[in-house]
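So the structure is just underneath, and the comments pick up after that.
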Amino acid sequence: PKSVASSGDLSRFYVLKVQNFKHHIDKLNRNDEELNPQYFNNADSWNFLVDNIPFFECPHQKDIERTYYFRWWSYRKHIQYVTSPLTSMSFFVITEFLPKVPWSGVFNTISCAAGHHLREGRWLINSTYMEDYSRFWLREGNPTQYSFWIADSIRALCLVNGNFTLARELLPALKANFAKLRRTNTIQPGERVEAGVISIPGLYFNTDNRDGMEFSIGGQDGLRAYRPTLNSYQCGEALAISRLSKELGDSEQADKYAAIAAEIKKLLQEVLWDEKALFFKALPYRPHDPLPTNSSNSYQSQLVSVRELIGFTPWFFNIPSDDKLVAWGQLMDRNGFYAPHGLTTAEQRHPKFAIDYLSSHECLWNGPSWPYATSVTLAALANVLNTKEKLAAPFVDKEAFFNLTLSYARSHRRTLSTAPFPAFPASPALGAPGVGELRLFHPLQEAPPLNPATPDPSRIATTVSEEKVVSWIDENLNPFTGEWVSRAILQRWGWPANKGGRERGKDYNHSTFVDLVITGLVGLRPRPSNELLVINPLLPPHIWDYFCIDGLKYHGVIITVLWDKSGLRYGHEKGFHVLINGIKVASASRPRKLKIKLSQFL
């Protein structure tokens, strides 16, 4: 049962005064229309957060700080306490939508973003929520309803807890889940296939819909394809099972799954890497044009024509070889994926790129920015900068990571309007929209890149008062204006009940943000061993004069990381400091990578 009242124990906070941040939660509650009150309702929110989250402070117009607390506040809404009709046992699950939607499973759960749920929720002080949720998927849920990197996610949870008891309990079920997808989503050696099908045993196929990415350009109208997504997930799954087996002392199983991961990695890089576009792409399962009989290849001519943001997914699991880093040159390219309000899901130079308000479906992956994909891409970029920063320097750097994180934070907004439905923007190339011109194609005229040192001209709240702009997370957004596209379409349709009803996407739990702040900007890199604590902030030089994260539970101890340029803000001498249980254990003159022997403090 929940405890509505806070425990009142603030002993894990050694630097920050939590009351100084209550104004964020008060404002969120004040501005919120609580359409679907959940287990921890708004009245419970402050006490829940005080008891369960690390507190964080940073400058920069407070955009990242404000969004940090908003994402914890909205995540809290999705924690549900349910009772199984099968076992009569009660436990916690996490939802994607707050209202019940027809395509969800038991308890309104959906596996599509469950990997994000576990990554974000692993930083909660009370580990019961994530442990219950992990068990649910492997006992009563349907983890293969959508693509879901469940073994990697559970290992990620264990890396923060420093305890692999849950992994030991669930490892047999994780292996069974992996085997199921290997049976259903790959062609087996020697298996006969229909005429026209490209047979590549060991490579995974799926539809964009089952990846949760409907109506993508490379999805070939929902047809099967060998996709960078599921192949990356399954390579990551095999690696996670291998590493868990090793960490639990089973070297034979560790070697077995490492070999499977190596096989998938080889196929992913040989088959799905476009040697001309220098990018990972989807390969249709049954191409429209047959493969030439004299082709030596490798299927290069059959790869889809478009670069999509999913091409960065392999780096989420640190899969690709160094020669593939050239792909990252597309990230900040204005004809590639960069846009002022969010990364686009398809490259903007492609003729089928569109921001379409007249589609017959509201969930479009042919251009709009999706926080789901942004989360994967930024986590992948953090991996690159932590392992291959010098090699990646010609293409991406810490400044790119910071600017994209800042842009992502600023996208968590909605301007309140009394209009019956939002006006639909038109491309400057098309002029004022007529009845048949509500479809926005990329105008090839974006705003300049964000400059954190100066006010951002693209911020949504430029002509309205602060109280007219509320923190918001929804499904997908217009990368050029910041408007939430799915919401605008559904509102124009009158909020159909069979689509989830009014404001179905409000507080949508389909991505991460907190995890990117902790593992990226702050730079805590979880590890299985108690030997080392690694902190590597992905902050450009001179970007912030201060920041602090406090009360963060990791491997059973409390971590505080702070940077104070002046030495006047936090009661410590100036510099970059790491504290364990309130004791300073490492310092530097500026934020940089630190390695600390953790074992002596356990």
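See the values below:
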| quantity | calculated |
| --- | --- |
| Glu140 accessible area, 1.4 Å probe, all protein chains in place, Å² to nearest 10 | 50 |
| Charge dipole magnitude, Cβ of K and R +1, D and E -1 - region 60-215, Cα centre, debye nearest 20 | 300 |
| Long-range HN-HN contacts of Ile355 with modeled amide H, under 5 Å | Leu440, Phe441, His442 |
| Mean-position separation - Cα centroids, region 331-410 and region 139-201, in angstrom | 27 |
| Most to least accessible of Lys597, Lys553 (protein chains only, probe 1.4 Å) | Lys597, Lys553 |
| Reach of Lys281 by Cα under 20 Å, taken over lysines that are not fewer than 8 positions away in the same chain | Lys265, Lys266, Lys324, Lys352 |
| Trypsin sites (Lys or Arg not before Pro) lying in DSSP loop within region 164-195, provided at most 15 other Cβ fall within 10 Å | Arg192 |
| With all protein chains modelled, accessible area of Trp46 [1.4 Å, Å²] | 30 |
| Length-normalised contact order for the chain - Cα pairs under 8 Å, 6+ apart - percent | 16 |
| In Å², nearest 10: area of Thr83 left accessible to a 1.4 Å probe | 80 |
| Partner aspartates and glutamates for Lys17 [C-alpha distance under 14 Å; skip if fewer than 8 residues away on the same chain] | Asp9, Asp51, Glu57, Asp550 |
| Span-rule helices in the chain, defined as complete DSSP H runs reaching 15 Å or more along the axis (Cα) with Kyte mean at least 0.5 | 150-161, 371-387 |
| Where Ser153, Ser589 fall by accessible area, highest first, once all protein chains stay in place (1.4 Å) | Ser589, Ser153 |
| Mean ellipticity per residue at 222 nm, deg cm²/dmol - from DSSP H runs of n ≥ 4 across the chain, formula -39500 (n - 2.57) | -9000 deg cm²/dmol |
| Partners for Lys593 among lysines (Cα-Cα distance below 22 Å; same-chain residues under 8 apart left out) | Lys388, Lys390, Lys398, Lys553, Lys565, Lys574, Lys584 |
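The values are calculated or read from the model by the stated rules, or taken from the named source; none is laboratory data. Note that the structure is a prediction, hence the values are computed from the model and not measured. So basically every Cβ, Gly included, is an ideal-geometry build from the backbone, and we count neighbours across all protein chains shown. The area values use the complete protein model at the heavy-atom level, side chains included, leaving out ligands, DNA and RNA. Shrake-Rupley method; radii C 1.70, N 1.55, O 1.52, S 1.80 Å.
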